[in-house]
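Structure first, then comments.
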Amino acid sequence: MNVLVLNCGSATVKFQIIATDLERIAGDTDVRLARGVVERVGGEAIITFEAEGRDPRRTTAPVRDTRSAVETVIRWATSESSGIESVKAVADIHAVGHRVVHGGERFTHSVLITDEVLRGIEDCIDLAPLHNPANVRGIQAAREVFGAGLPQVAVFDTAFHQTLPPHAYLYALPYQWYRRHRIRRYGFHGTSHRYVAYRYRKLLGIERAATKVITLHLGNGCSAAAISAGDSVDTSMGLTPLEGLVMGTRSGDVDPAIFDYIGAKEGLTPQEVDSVLNKQSGLLGISGLTNDMRELLDEARESDDRRARLAVEIFCYRVRKYVGAYMAALGGADALVFTGGIGENSPEIRARVCEGQGWMGLELDPARNEAHTDRREGLISADGSRLAVYVIPTDEELLIARDTVRSVHGVPQRF
Ligand code: AMP
């Protein structure tokens, strides 16, 4: 089955085409056929296509809307020049899997998209006003391009965290706010946390029920999850992706009283403060330079920039605090798993997060740590370390493709 995986944002459509089916899932033999991105949808778009094993191709073309972006992708994929042997016509795409950001409390796992499911996703727009509308547009665009008969599946960022117990997902706010408005912690990056927890137990050959780990997704967005018996039992992002760790441009945890205080001091509306906390804070806000960790580390190394160093230190300190908190929440864990652009590629950040944690039995192996970059998967803790540490590159698209196959066949997704 050739699955088109779509991740539709407000002005960006990312895609992959993955050949997979139940047999391939069981044998871990799925094949990635192509990937790419259409950026600046709504204007003169920048389009990058890459068939597996070939050089990426970059072009520009006017792309009016999400539908025209999906059409552009399919036109390329089915063209002779793409070089994708098994995709020659629109009919060679057998299903579409969509990344959907918010599934609220309704969607606890991936689902085949029906009119009712689409209405359910629209009902969650209040909770994710920037993301869910773009996801809905992606689903509608795919319906128009492929016809209503092609199976489409929604895979939610929030679904994996629906196993959080009430003491972890409720805020200490008036309970009516939860009753009336569903204000609670939902968590995000669920597909990533779920995927790396799955890879971890595959690597170790253990059962889902024996999986007790802390997963750290450190990318431009960052979150931590505490996983017990394979289920997410706590996570650092909340009602929105703003809560928790320090991120590229998001503040993570702050005292909510700051909203009112800074609003009065600087004459900002709540919406403006919200925008600063989401878009001008985090690594960018502290350093005043960039939201990009690699650039910050270079800056700190080359020019010893004080605020670049401070941004990195605050970032690592916050991650350490969450690891400590989740060790307590889980009553101890078997492993820490690093993933995301920073977690997968930066030995320096991993070393700094793990520094001084001998008290909980954590000891990194410096040579292993240095050797794990460029999406290399494996163990980076020392042989005697009681808490194992792994780098496991995330692959949300693969999990979306697999969930799409499983949903089409009506097979349970809890693997
Ligand atoms: P993601 O959102 O998962 O793509 O991750 C993006 C983040 O990963 C950015 O902050 C990048 O600077 C960071 N990153 C990628 N490669 C490295 C690296 N070698 N060292 C440090 N950070 C990196």
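Couplings 3J(HN,Hα) of segment 40-57, computed from phi: 6, 5, x, x, 6, 7, 9, 10, 10, 10, 8, 7, 4, x, 10, 5, x, 10 Hz, in residue order, whole Hz [Karplus 6.51 cos²θ - 1.76 cosθ + 1.60, θ = phi - 60°; x for Gly and Pro].
Of all alpha-carbon pairs in segment 71-131, indicate the percentage at a distance above 17 angstrom. That tail contains 54 percent of the Cα-Cα pairs.
Heavy-atom accessible surface of the chain, averaged per residue, reaches 45 Å², computed with a 1.4 Å probe.
In order along segment 216-222, the phi-based Karplus estimate (6.51 cos²θ - 1.76 cosθ + 1.60, θ = phi - 60°) of 3J(HN,Hα) comes to 10, 8, 10, x, 5, x, 10 Hz; Gly and Pro are listed as x.
Would you work out if segment 156-310 is rounded, prolate or oblate? Take a ≥ b ≥ c from the square roots of the eigenvalues of the alpha-carbon gyration tensor; rounded if a/c is under 1.5, else prolate when a/b is larger than b/c, oblate otherwise. Taking the square roots of the gyration eigenvalues as a ≥ b ≥ c, segment 156-310 is oblate. Considering only alpha-carbon pairs that sit under 8 angstrom and 6 or more positions apart, the relative contact order computed for the chain is 14 percent.
Stretching Leu268 away from Thr373 to a fully extended chain increases their span by 33.6 nm, per 0.36 nm per residue minus the current alpha-carbon distance. Spin-label pair Ser81-Asp65: with each label point 7 Å from Cα along the Cα-Cβ axis, the two points sit 2.8 nm from one another.
When both segment 161-200 and segment 14-83 are represented by their alpha-carbon centers, they are found 32 Å apart. Only helices enter this figure: runs of n ≥ 4 DSSP H residues, each worth -39500 (n - 2.57), summed and divided by the residues of the chain, yield -12000 deg cm²/dmol at 222 nm to the nearest 500. Computed from Cα atoms alone, the Kirkwood hydrodynamic radius reported for segment 1-60 is 12.5 Å. Direction-averaged projected area, Cα convex hull, segment 76-217: 11.6 nm², rounded to one decimal.
Value of Rg to Rh for segment 10-145, rounded to two decimals, is 0.98; Kirkwood radius and Rg both from alpha-carbon coordinates.
With N set to the residue count of segment 97-144, report its C-alpha Rg divided by 2.2 N^0.38 Å to two decimal places. Walk me through the numbers before you get to the answer.
Numbers: Rg = 9.7 Å, N = 48, 2.2 N^0.38 = 9.6 Å.
So segment 97-144 has a normalised radius of gyration of 1.01.
Straight-line reach from Lys279: which aspartates and glutamates have a Cα under 14 Å away, not including same-chain ones fewer than 8 places off? Here the aspartates and glutamates satisfying the reach criterion relative to Lys279 are Glu243, Asp292.
Take every DSSP beta bridge with both residues inside the chain and express the antiparallel ones as a percent of the total, to the nearest 5.
Values: 42 of 60 bridges.
DSSP beta bridges in the chain are roughly 70 percent antiparallel.
Averaging the sequence gap over all C-alpha pairs within less than 8 Å and six or more residues apart, then dividing by the number of residues, gives segment 206-342 a relative contact order of 30 percent.
Of the residues Val38, Val90, Val73, the one that moves most in a GNM of the chain with alpha-carbon contacts below 10 Å is Val90. In summary, the aspartates and glutamates within cross-link reach of Lys14, defined as a Cα separation below 15 angstrom excluding same-chain residues under 8 places away, comprise Glu39, Glu50, Asp65, Glu71, Asp395, Glu396, Glu397. Given R0 = 56 Å, the distance between the Cβ atoms of Ser303 and Ala229 translates into a calculated FRET efficiency of 0.75. Taking the empirical scaling 2.2 N^0.38 Å for compact globular proteins as reference, segment 182-222 has a Cα radius of gyration ratio of 1.36.
Using C-alpha pairs under 8 Å with a sequence gap of at least 6, the mean separation divided by the residue count of segment 1-140 gives a relative contact order of 24 percent.
Computed from label points 7 Å out along Cα-Cβ, the spacing between Tyr175 and Val254 is 3.2 nm.
If Rh is defined by the Kirkwood formula over all Cα pairs and Rg also comes from Cα, what ratio Rg/Rh do you get for segment 206-262? Intermediate results must be reported in sequence, preceding the final value.
Working: Rg = 14.3 Å, Rh = 12.7 Å.
Rg/Rh: 1.13.
Based on Cα coordinates alone, diagonalise the gyration tensor for segment 264-375, multiply each eigenvalue by 5, take square roots, and list the semi-axes in whole Å, largest first.
Numbers: eigenvalues 167, 78, 29 Å².
So the three semi-axes of segment 264-375 are 29, 20, 12 Å.
Comparing Cα centroids, segment 393-415 and segment 115-130 end up 21 angstrom apart.
The alpha-carbon atoms of segment 358-415, seen along their principal axes, cover 46, 25, 14 angstrom, with the largest extent given first. Given 10 °C and 1.306 mPa s, how large is the Stokes-Einstein diffusion coefficient of segment 222-303 in µm²/s, with Rh as the Kirkwood radius over Cα pairs? Taking Rh from Cα pairs, D becomes 112 µm²/s. Quotient of the Cα radius of gyration of the chain and 2.2 N^0.38 Å, N being its number of residues: 0.99.
The angle separating the long axis of helix 293-303 from the principal Cα axis of greatest extent in the chain is about 50 degrees. Cross-link partners of Lys212 among lysines, defined as those whose alpha carbon lies under 21 angstrom from its own and excluding same-chain residues fewer than eight positions apart: Lys202, Lys321.
The values are calculated or read from the model by the stated rules, or taken from the named source; none is laboratory data. From a predicted model like this one, the values you see are computed outputs, not experimental measurements. No Cβ is skipped: glycine too gets one built from the backbone with ideal geometry, and neighbour counts run over all protein chains shown. Side chains included, ligands, DNA and RNA excluded: accessible areas come from the protein's heavy atoms. Shrake-Rupley method; radii C 1.70, N 1.55, O 1.52, S 1.80 Å.
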